[in-house]
1. Residues of the range 3-21 being within 24 Å of the chain's Cα centre (by Cα), at pLDDT below 95 and hydrophobic (A, V, I, L, M, F, W, C), which ones?
2. Quick check on residue 230: is it loosely packed, with under 14 Cβ neighbours inside 10 Å, in contact (Cβ under 8 Å) with a residue 12 or more places away in the chain, farther than 30 Å from residue 110 by Cα and among the hydroxyl-bearing types (Ser, Thr, Tyr)?
3. For the range 213-241, name all the residues that are over 13 Å from residue 158 (Cβ atoms), touching a Gly at 6+ places or on another chain (Cβ under 9 Å) and of a type outside the set (A, V, I, L, M, F, W, C).
4. Applying the selection to the range 17-29, what residues are loosely packed, with under 11 Cβ neighbours inside 10 Å and farther than 30 Å from residue 151 by Cα?
5. If you go through the range 153-184 one residue at a time, how many are closer than 30 Å to residue 212 by Cβ, among the aliphatic types (A, V, I, L, M) and touching a Lys or Arg at 6+ places or on another chain (Cβ under 9 Å)?
6. Residue 152 versus (1) in contact (Cβ under 8 Å) with a residue 12 or more places away in the chain; (2) more than 30 Å from residue 109 (Cα to Cα); (3) among the small types (Gly, Ala, Ser); (4) loosely packed, with under 14 Cβ neighbours inside 10 Å: which is the lone unmet condition?
7. Filter the range 213-247 for residues that are among the acidic types (Asp, Glu) and either at pLDDT 95 or above or in contact with an Asp or Glu (Cβ under 7 Å, 6 or more places away or on another chain) (or both) and give the result.
Amino acid sequence: MVYGQFTNTGGVGATYQQIPYVFNAAHTDISHNLPAGINSQSFSSREPFSQDISDYRLHWEFNYSDLPWDMTLTYLGGYDETIFNHQEDLDNLAANFAATFVQRERPHTQNQEIRLASSQDDALTWQTGIYYFNEASSVNSVYNVQSGTALAPGLSFQYPLVNSDSYAAFGQVGYKVTDDIKLSAGVRETYDDKSRDGYEYVLPPLVGLTGSTPLQSILQSGTAHFSKFTWHVGVGLDPDGQHVSLR
């Protein structure tokens, strides 16, 4: 079985309204009531909110059951690509200072799994397999601030590669004691590798200057490695067709 899917979502995305603080009459606390003249359902922003998400997906599953002892070999996999563009208004209304944050990301993911399983009709059942997942993304996000009469980049986050790999091996056995009672046990070993390459750039408009040559470049690269062993032991009860699991 192979199937593909494409989705696109546009519009303004998540929004918020900036409402100035109003103190109570005694000036001991801020008022928690909506100030007069504020419409919480419909409002405009100085800079527009916008969001556009496109997702391309291809998944597949193949089964081969012409094996000895009624075993089944299964291969599952998939590939996804998402294009994410988002802009939000970050104006400082008190200082009459316009600003936006523009977020652009493009993650690509793939996953592969190979699984070998025994016949499910036997009293003793088992399955074992290996799994792999990868996500490679690029990030290009900018904090724009007012520079003269226009907006210009003040902070730039340039991460050309944000990568994540996950590897796993697993196995599970089950034993049907009676038609209503089944025992199960399983283990899984997982290894994760994560890395990011890139810089944060501080640009002149952030401090009221002009120009596009970075004032400071801050390295944002790093790596991390994780591993985890997990297991489970369970009892499945199926009295009168109502399944109950104890783990």
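The values are calculated or read from the model by the stated rules, or taken from the named source; none is laboratory data. All values reported here derive from a predicted model rather than from experimental measurement. We place every Cβ from the backbone using ideal geometry, glycine too, and count neighbours over all the protein chains shown.
1. Listed by number, the residues that qualify are 12, 14.
2. no
3. 230, 232, 234, 236
4. Answer for the range 17-29, where residues must be loosely packed, with under 11 Cβ neighbours inside 10 Å and farther than 30 Å from residue 151 by Cα: 23, 25, 26, 27, 28, 29.
5. Selection size over the range 153-184: 2.
6. (4)
7. 238
Okay, residues lined up against (1) among the polar types (S, T, N, Q); (2) under 18 Å from the mean Cα position of the chain (by Cα); (3) under 30 Å from residue 117 (Cβ atoms); (4) not in a strand (DSSP E or B):
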| site | (1), (2), (3), (4) |
| --- | --- |
| 44 | yes, no, no, yes |
| 54 | yes, yes, no, no |
| 74 | yes, no, yes, no |
| 78 | no, yes, yes, no |
| 83 | no, yes, no, no |
